[in-house]
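This report refers to the structure that appears directly beneath it.
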Ligand code: ASP
């Protein structure tokens, strides 16, 4: 007796057929003699009817939620008034002739049946869900998300295979790859006192594959970064990593747009318009106050520095920049205070404001606003102008944060997906804490060749050949054209304060590879978890990862990380400091 159909796939075309179904009891109801079992598998539900005279009756009377059973029966059409439009198999039911219990089940810690019936699942705390992940994973939303994820990955493989990419696996136990985070270390038993690092990305391996002539590489790669956890970070996460030889930036962008469009079409049936808009970093920061602007709504910032320059309003008169934003609403004092707190959180000294009422600005800094500014900003009756003044970066970022909050509060974002490329990032940024230049992407990113002569003279002005892919205000991919010449890579290390010895010790293998004839190359990595979460309409990447870690980086299911036996540590030559225990 073998399964003939998935429960959720039984439909009117099977009427009068004998079927064998296997699955979980979603719900059992006893209606005065007749027993109804909603039987569930990954495809959905079907209603099983057990009549009192059926040989299945005694067992059916015993089963409970989440028991695993095998049912044999005959499909029949339901009378019109009993059709259940909320489930796909709602026009039919299966009249049971046999029922075998394959496994009994404890009462689940929380119900998983509601969404399968077309109702809303009960809210359950995330830690409980993770602790009982096996049960949680039965829920409809997670089943859908993981299948979407599979479709995305399958589409990626198909597309890149057609485009001549080959997938290559790179090691987990390796040396440190700098991507700006701390490494996870793995002690070596065979070389006591020595450690592997888990890769923060396959960056250097993919570059070496290019030097080795593989031309087009990709990998669905697990990456490991020991970062302070933010809401939406996982210590181990997945990238689509790819690299191409003999290409320029535009080739990489173009290929990735086509890949994105293919993935959306195949996995969601959504058509993405390509090419995506391209915006320089400077423009994104100036207009949206972010290097990952959410283009689902307008609300652009305007530069009004010159209009206030040398004026009566001291706070603005000598500021490096003054930025303005027009909120399409008459904001209350209270709302303005809340927005100001957000701006201050990003380093602004304050948030100035004025409402446009009765054809003129009133309240806030009204008396300081120069003639004609209302017209220039296009402010309309009942709207509120907001201003931040100060150093450029802090000002644009803080007003950008206000912009995002307004977008959220006023519900300005359009439905759907808005992609763009942000290009021309600075190569370096000044690291206040350590008093030196540091890379913005990673140390292997090529400077814009037009800016090469600025490299030592004015490093902050050098643009990188780096690009980010942005979807609905989140960075979902980032990459660059790489340095493929050893001398330039050495210059770059020097700029970053990595001397020749340190460079040799840490990256000798890369420098050596570059000296064996490296093609020009570049690539990108997509944050696959974020991609799929956005596609699934989920806020958290934990909703698209089968076995995620919680916000403390722990796995409540397996209880990792965990202490290990003294003997295991001894084998590794490791002793723990007692005070930490
Ligand atoms: N390795 C980079 C990262 O993980 C991506 C790339 O440059 O291709 O962000």
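Where a number appears in this text, it was derived from the coordinates with a stated rule and is not lab data. Please read these numbers as outputs of a predicted model, since none were measured by experiment. Cβ: placed from backbone, ideal geometry, glycine included. Neighbour counts: every protein chain shown.
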Per-residue counts of other Cβ atoms within 10 Å, averaged by peptide: what ranking do you get for 241-247, 190-196, highest first? 241-247, 190-196
Relative to the longest principal axis of the chain, what angle (0 to 90°, nearest 10) does the C-alpha long axis of helix 249-268 take? 20
Output the peptides 272-280, 528-536 sorted from most to least packed, where packing is the average of other Cβ atoms within 10 Å over each peptide's residues. 528-536, 272-280
By the Kirkwood definition, with r running over pairs of different Cα atoms, segment 188-320 has a hydrodynamic radius in Å of 19.8
Extension reserve of the residue 376-residue 415 stretch, reckoned as 0.36 nm per residue once the Cα distance is removed: 11.1 nm
Relative counts (whole %) of C-alpha pair distances in segment 43-154, using bins that are 5 Å wide: 2, 10, 16, 18, 19, 17, 11, 5, 2, 0
With each run of n ≥ 4 DSSP H residues scored as -39500 (n - 2.57), what mean residue ellipticity at 222 nm is computed for the chain after dividing by its residue count and rounding to the nearest 500 deg cm²/dmol? -8000 deg cm²/dmol
Using the Cα gyration tensor of segment 286-326, with a ≥ b ≥ c the square roots of its eigenvalues, what is the shape: rounded (a/c below 1.5), prolate (a/b larger than b/c) or oblate (neither)? prolate
For segment 125-227, what class follows from the C-alpha gyration tensor (a ≥ b ≥ c being the square roots of its eigenvalues): rounded when a/c is under 1.5, otherwise prolate if a/b is larger than b/c, else oblate? oblate
Relative to the longest principal axis of the C-alpha atoms of the chain, give the angle of the C-alpha long axis of helix 500-514, reported between 0 and 90° and rounded to the nearest 10°. 60
Using a 10 Å cut-off on Cβ atoms, rank the peptides 206-219, 129-142, 497-510 from the highest mean neighbour count down. 206-219, 129-142, 497-510
Looks like segment 373-450, by Cα gyration tensor root eigenvalues a ≥ b ≥ c and the a/c under 1.5 rounded cutoff (else prolate when a/b is bigger than b/c, oblate otherwise), is prolate
Distance in nm between label sites at residue 175 and residue 456, each 7 Å beyond Cα in the beta-carbon direction? 2.6
How tilted is helix 333-345 with respect to the longest principal axis of the chain? Cα atoms for both, answer in degrees (0 to 90, nearest 10). 80
Would you mind estimating how fast segment 1-41 diffuses translationally, via Stokes-Einstein at 25 °C and 0.890 mPa s with the Kirkwood radius over Cα pairs, in µm²/s? 214
Simple label model, 7 Å out from Cα along Cβ direction - residue 405 to residue 134, nm: 4.6
Hydrodynamic radius of segment 180-259 per Kirkwood, over alpha carbon pairs, in Å: 14.8
Distance (nanometres) between label positions extended 7 Å along Cα→Cβ at residue 119 and residue 509: 5.7
Overall Cα dimensions of segment 260-371, principal axis frame, Å, largest first: 58, 29, 29
I need to check one value: relative contact order of the chain, counting alpha carbon pairs closer than 8 Å and at least 6 residues apart, in percent. 12
Apply 1/(1 + (r/R0)^6) to the Cβ-Cβ distance of residue 232 and residue 13, taking R0 = 51 Å, and write down the FRET efficiency to the nearest 0.05. 0.70
With no solvent and one equal point scatterer placed on each C-alpha of segment 241-306, evaluate the Debye formula and give log10 I(q)/I(0) for q = 0.12, 0.14, 0.19, 0.20 Å⁻¹, two decimals. -0.47, -0.61, -0.92, -0.96
Kindly give Rg over Rh for the chain, based on alpha-carbon atoms, with the Kirkwood expression for the hydrodynamic radius. 1.05
